[in-house]
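The values are calculated or read from the model by the stated rules, or taken from the named source; none is laboratory data. Keep in mind it's a predicted model, so treat the numbers as computed, not measured. Here Cβ is always computed from backbone atoms with ideal geometry, including for glycine, and neighbour counts include all displayed protein chains. For accessibility, only protein heavy atoms count, side chains too; no ligands or nucleic acids. Shrake-Rupley method; radii C 1.70, N 1.55, O 1.52, S 1.80 Å.
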Amino acid sequence: LPTDNSALHGPSFSLQPKSIVFPVDSMDNKVAFNCEAKGNPPPYYRWRLNGTVIDPGMDYRYSLVGGHLHIKNLNKDQDVGKFQCVASNTVGTIVSKEAILQFACE
């Protein structure tokens, strides 16, 4: 059967985020969680922290680059927990496995 590239289909992950252990004494105070999904139409991305949707417009420390979530000025009180990438298009929505951000002690 010929494949029809114009067929609509829901998102599927090609890359899911991995857990991160952040060394507290690191000079580089930022991390990135990676997430990519394929779909037609191309999916858009949201991220959740402990089940709550992150709004990058409300917190300058978070930014979305494609599906990737970048966090700067890490705060171990606010940023520790379970991150999930949510990819959606008009056909469907998928949620990634949980990626845990934890802070390593000295």
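Per residue, how many Å² of accessible area does the chain show with a 1.4 Å probe?
Working: 6540 Å² over 106 residues.
Spelled out: the 1.4 Å probe surface of the chain, per residue, equals 62 Å².
May I ask you to give the percent of accessible area on the chain that is carbon plus sulfur, with a probe radius of 1.4 Å?
Ligands and nucleic acids excluded, carbon and sulfur reach 54 percent.
If you project the alpha carbons of the chain onto their three principal axes, what span does each projection cover, largest first, in Å?
For the chain, the Cα spread along each principal axis is 58, 27, 21 Å.
State, as an integer percentage, the relative contact order of the chain based on alpha-carbon contacts under 8 Å between residues 6 or more apart. Each step should come with its number before you reach the end.
Details: 229 pairs, mean separation 39.3, N = 106.
The value is 37 percent.
First measure r as the distance between the Cβ atoms of Asn75 and Asn40, then evaluate 1/(1 + (r/R0)^6) with R0 = 30 Å and state the FRET efficiency to the nearest 0.05. Write down the numbers at each step before the final one.
Details: r = 38 Å, r/R0 = 1.26.
The value I calculate is 0.20.
How much net charge surrounds Ser88 when only the other residues with a Cβ under 15 Å from the Cβ of Ser88 are counted, with Lys and Arg +1 and Asp and Glu -1?
Numbers: positive: Lys38, Arg46, Arg48; negative: Glu36.
Spelling it out: positives minus negatives among the neighbours equals +2.
Could you pull out every residue, at least 5 positions away or on a different chain, whose amide H is within less than 5 Å of the one on Gly92? Hs are placed 1.01 Å off N in the peptide plane, and Pro or chain starts have none.
Here nothing satisfies the definition.
Grab the stretch 5-106 and count how many Lys pairs have their alpha-carbon atoms under 16 Å apart, sequence gap of 8 or more, or different chains. Walk me through the numbers before you get to the answer.
Numbers: Lys18/Lys30; Lys18/Lys82; Lys18/Lys97; Lys30/Lys72; Lys30/Lys76; Lys82/Lys97.
Within the stretch 5-106, the lysine pair count is 6.
Assuming 0.36 nm per residue, please report the length gained on full extension of the stretch Ser26 to Phe103 beyond their Cα-Cα distance. Intermediate values should be presented prior to the final figure.
Numbers: separation 77, 0.36 × 77 = 27.72 nm, distance 1.04 nm.
Difference between extended and current length: 26.7 nm.
Taking the chain as a whole, which cysteines find no other cysteine Cβ under 4.7 angstrom from their Cβ?
Lacking a cysteine Cβ partner under 4.7 Å: Cys105.
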